[in-house]
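What follows draws every value from the coordinates through simple rules; no lab data is involved. Quick caveat, the model's predicted, so the values are computed rather than measured. Here the Cβ is made from the backbone with ideal geometry for all residues, glycine too, and neighbour counts use every protein chain on show.
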Amino acid sequence: MQKLNVEVLSVSVDSVFTHKIWNETELSKMVDGGIPYPMLSDQNGSIGSLYGVYNEESGVNIRGRFLIDADGIIQAAEILSPPVGRNPKELLRQIKAYQHHQKTGEVMPSGWEEGGKTLKPSTALAGNVWKEWQPK
Amino acid sequence: MLVGKKAPNFTAKAFHKGKITSITLEDLKGKWVVLCFYPGDFTFV
């Protein structure tokens, strides 16, 4: 993530002290050296409310993930209900795709992976995408 | 729907590498940010 100029921030309604204990007692046994990124405390759910992921009934933030570019614009978001975890590979794919787009103006078709076929939008390409790219 | 819009700014206390710090989103301009919400510490997923 550092190579891609990406900062990760995690957010929950727990206190910073709970974060500390969780990191010490459990997470450091799953990740060498413990969690490397800042773990934010959102005890009244105010940040979660700003992003539309705070659930007042249960008093917690649901699993929302927002990809924010270097200009502070949200480029992508994913929101999952509690039982299912995220897929970091998909996040990485999206970061690489958006960064590639911002660098080159090219666009990434469905299912694109790093190094895969990209398209250069143009009037000539309209109606001719099929010549350049086919779904697998 | 927030996609395509400016990310709402915030300041929050954070635990980072053994220390308690404060993070303001706007201070991170120039970097990409992945903001991950989750239900709570010591949960299972």
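Residues that are of a type outside the set (A, V, I, L, M, F, W, C) and touching a Ser or Thr at 6+ places or on another chain (Cβ under 6 Å) within region A:103-125 comprise just one, A:Glu106. Residues that are over 17 Å from B:Lys19 (Cα atoms) and among the aliphatic types (A, V, I, L, M) within region A:1-40 comprise A:Met1, A:Leu4, A:Val6, A:Val13, A:Met30, A:Val31, listed in sequence order. Could you say which residue among A:Lys96, A:Lys103 is over 17 Å from B:Cys36 (Cβ atoms) and either facing another protein chain (nearest Cβ under 9 Å) or in contact (Cβ under 8 Å) with a residue 12 or more places away in the chain (or both)? Residue meeting the stated conditions: A:Lys96. Scanning region A:2-53 for residues that are part of a loop (DSSP other than H, G, I, E, B), free of Cβ contacts under 8 Å to residues at least 60 places away in the same chain and among the aliphatic types (A, V, I, L, M) turns up A:Val13, A:Met30, A:Val31, A:Ile35, A:Val53.
Report, by residue number, each residue of region B:21-45 that is hydrophobic (A, V, I, L, M, F, W, C), within 19 Å of A:Pro36 (Cα to Cα) and exposed (fewer than 14 other Cβ atoms within 10 Å of the Cβ).
B:Phe42, B:Val45
Do we find that B:Thr43 is more than 19 Å from A:Met1 (Cα to Cα) and within 11 Å of the chain's Cα centre (by Cα) in this structure? Against the criterion (more than 19 Å from A:Met1 (Cα to Cα) and within 11 Å of the chain's Cα centre (by Cα)), B:Thr43 does not qualify. Scanning region A:63-107 for residues that are in a loop (DSSP other than H, G, I, E, B), surrounded by 14 or more Cβ atoms within 10 Å (Cβ to Cβ) and under 11 Å from the mean Cα position of the chain (by Cα) turns up A:Asp69, A:Arg86. So for region A:59-79 (the condition being out of contact with any strand residue (DSSP E or B) (no Cβ under 9 Å at 6 or more places or on another chain) and either touching a residue at least 40 places away in the same chain (Cβ under 8 Å) or more than 7 Å from every other protein chain (Cβ to nearest Cβ) (or both)), does at least one residue qualify? Taking every residue of region A:59-79 in turn, at least one turns out to be out of contact with any strand residue (DSSP E or B) (no Cβ under 9 Å at 6 or more places or on another chain) and either touching a residue at least 40 places away in the same chain (Cβ under 8 Å) or more than 7 Å from every other protein chain (Cβ to nearest Cβ) (or both).
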